[in-house]
Amino acid sequence: MSDVPLGVIDATIRAATPIGLAAIGELLAERAGILNIGIEGGMCLAAFAAVVAGAGSPVAGLMAGVLAGILTASVFALFVIRLRAQQVIVGTAVSMMALGLSTVLNRVLYAGLSAAPQVHTLPPMRVPVLSALPGVGQLLAQPLPTYVLYAAGASVAWFLYRTIGGLSLRATGEDPSAVRAAGKDPALFQWAALVVSGALTGLAGATLVVAQAGTFTENMSAGRGYIAIAVVALGRWTPAGVLVGSLLFGAASSLQYIVQAYGVAIPYNLTLAAPYAVTLFVLAALRGSHRAPARLGRTIDLPG
Amino acid sequence: MIVAAACSGTQQAATNEFRVALVTPGPVSDRSWNGSAYEGLEFIRDSLGAKISHVQAKTPADFEENFRQYGAAGYSIVIGHGFEFQDAAKRVAPAYPRTVYLITGGRVTGENLASVSFAFEEPSYLAGMAAAAASRTGMVACVGGTQLPTVKSSFRAFAAGASAIRPQVSVITAYLGNWDDASAGREQALALARRGVDVIFQDADAAGLGVFQAAREQRALRIIGSNANQNDVAPRATLGSVVIDVPRALLLLATQVKDGSFTPRLYRFTTKEEVVRWVPNPALMNELPAADREQIASTASLMRQGRFTLPPTP
């Protein structure tokens, strides 16, 4: 069948979307020196918010997801920026709290077992003219969040490398005292980075519901938040690298579905491990070619 | 729902209250395997006046810890809902002799340890027959969470049933690697549909809800649900469900424990006891040729009389 490669690409794009959205957000935070490992939980809570609001419309679901993501990230920001707590510890706590909250709310709101709620999903948006092309045209009909991902990647690249604000944000992750010397508040850049990061994480979680599964299941983020963090390192802390990394991860995970659908005689556990094996391999191959932000994961020293 | 503080000793709290605890491997909101057990627990509460408790265990280490806590708290029955609880129950049960440990889908037995197994293969066989009869492409598939022995044998029976109706049918099997990721369930179903599969038997609990979602998008796709009656999850696409009446089985056993007639052994529930059954969706049965429907019906009635033996698996 000639459309098998297209099917693989299509599945790759779908799998890459939630991971890429969360990873672009995490990239912004990490460039500002903040390692937010709480995005896994934020994603799941956003997915839950999306299913609640998604009863109205899929777009409402997306917006609710974004809000939930921002809220979760703000709690994290409050602790790590304002209260200067350890980032990894707060991230873990926030993640677990958000995961637990989504589970509890699901059982309270939907009486547990009788109704795993179902919502309408976003229709694919066709790119005018191009989507009429034979073959590849069918790839240009994706749900909204997919386009948002690539637009966000481009915007973040423009912001980081072409604006003064982006320069200050990067400086925050490298040497906050320099930012302060320039008369700016590094904490402000970290707050901004985390809020935008939360919005993208929320969009990622909502995507799982209103663009993919059409329902919420407990723990449905299934590790994608952690994968997004790995993808940031895989993409060497650059927006283009992160997009490529998400697609690479998406390709490796879509392979699992295709291989099984074609009944290839490989134990399924091996194909399931493929995305992680690819990530490790690429990380090892790229070692030393780019370094992480110097102050990543460290609390900013108090002035004076 | 929280259990009394765990203690390392084997001292059991003495109580005359009839209390029943359930430990599930996944969320009870899955409308499937775990949901049906919780329903059974509520059934026991309402019918026998039991005090109930439920906890979801995440890792095998949790299985044992939860079993110990309930044992120490003096629960009358602790249900480990799934094959994966066997080892933990075997280790923990001897320490809490006043508690009956019950493993659904298991095989282990002991002084105060019993297992319940379901002849899930029987309705799976019927589902396979229906799938092959409904398929226009001659390709059907099974999608599972992880490769548990109970899942594997049910898929084997499904394949046997499918080839009993259409000897040349091809049956593809895929596993998602987990039971929660509904997005992965949808992706796997879409990949199968692209291959040409038009009927999918799902046994992936919460992740399986994504398989139903794929059928909402791919109009030609038909789904067969499992564990609970899932015919209303996607009524226009669901051919039927392979149902285990877990509530009925659990109530039956809890009643025996309460009145003292319980013996620790392996309980096997089949179509004959009406604990497992194939529940077709009447709205879609006209998609099956009449001759096939008759063959399915006569096989089902043999099963109900206990006169059907599954073909041996290679």
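Readers should treat all values here as calculations from the given coordinates under stated rules, not as data from a laboratory. Predicted model only: the values in this text are computed from it and were never measured. Note that each Cβ is placed from the backbone with ideal geometry, even for glycine, and that neighbours are counted across all protein chains shown.
Farthest toward the positive end of the dipole of chain A, out of A:Ala211, A:Ile300, A:Val282, is the Cα of A:Ile300, where the dipole comes from beta carbon charges about the Cα centre. Counting every pair of alpha carbons in the stretch A:163-304, the share spaced more than 22 Å apart comes to 54 percent. According to the calculation over all Cα-Cα pairs in the stretch A:32-116, the P(r) per 5 Å bin from zero is 3, 17, 22, 21, 17, 10, 7, 3, 1 %.
When the charge dipole of the stretch B:59-111 is built from unit charges on Cβ atoms (+1 for Lys and Arg, -1 for Asp and Glu) and taken about the Cα centre, the candidate among B:Gln69, B:Leu102, B:Gly80 whose Cα reaches farthest toward its positive end is B:Leu102. A straight Cα-to-Cα reach below 27 Å connects B:Lys258 with the lysines B:Lys51, B:Lys90, B:Lys272, residues fewer than 8 places away in its own chain not being considered. The Rg/Rh ratio of the stretch B:116-275, with Rg taken over Cα atoms and Rh as the Kirkwood radius over Cα pairs, comes to 1.02. Scaling against 2.2 N^0.38 Å puts the C-alpha radius of gyration of the stretch B:1-158 at 1.18. Computed from point charges on the beta carbon alone (+1 for Lys and Arg, -1 for Asp and Glu), the dipole magnitude for the protein assembly as shown about its Cα centre is near 600 Debye.
Using Cα-only point scatterers and the Debye equation, what is log10 of I(q)/I(0) for chain B at each q in 0.12, 0.13, 0.15 Å⁻¹, rounded to two decimals? Rounded to two decimals, the profile gives -0.77, -0.88, -1.10.
Semi-axes of the equivalent ellipsoid for the stretch B:210-314, computed as √(5λ) from the eigenvalues of its C-alpha gyration tensor and ordered from largest down, come to 31, 19, 12 Å.
Its Cα centre serving as origin, the stretch B:18-60 has a Cβ charge dipole (Lys and Arg +1, Asp and Glu -1) of approximately 160 debye. Size descriptors for chain A: radius of gyration and Dmax over Cα atoms are 19.5, 68 Å. Counting every Cα pair in the stretch A:77-171, what percent are over 21 Å apart? In whole percent, the long-distance tail amounts to 68.
Seen from B:Ala162, the other residues with C-beta closer than 12 Å to its C-beta sum to a net charge of +1, counting Lys and Arg as +1 and Asp and Glu as -1.
Secondary structure note: in the stretch B:86-181, about 10% of the DSSP beta bridges are antiparallel. Secondary structure note: in the stretch B:218-314, about 50% of the DSSP beta bridges are antiparallel. Over chain B, DSSP H runs of length four or greater, each weighted -39,500 (n - 2.57), average out per residue to a 222 nm ellipticity of -12000 deg cm²/dmol.
Note that the protein assembly as shown, at 4 °C in a medium of 1.567 mPa s, gets a Stokes-Einstein diffusion coefficient of 50 µm²/s from its Kirkwood radius over C-alpha pairs. Each of B:Lys58, B:Lys90 was scored by other Cβ atoms within 10 Å of its Cβ. Arranged with the fewest first, they read B:Lys58, B:Lys90.
Largest first, the extents of the alpha carbon coordinates of the stretch A:1-154 on the three principal axes equal 56, 44, 26 Å. Taking every DSSP bridge with both residues inside chain B, close to 10 percent are antiparallel. Here the residues A:Met125, B:Met303, ranked from fewest to most Cβ neighbours within 10 Å of their Cβ, fall in the order A:Met125, B:Met303.
For A:Trp158, B:Trp33, the sequence from fewest to most other C-beta atoms within 10 Å is A:Trp158, B:Trp33. Each Lys or Arg adds one and each Asp or Glu subtracts one; over the other residues with Cβ under 15 Å from the Cβ of B:Ala184, this totals -4.
Between A:Leu194, A:Leu28, A:Leu255, the Gaussian network model of chain A with springs among Cα atoms under 10 angstrom shows the greatest mean-square fluctuation at A:Leu255.
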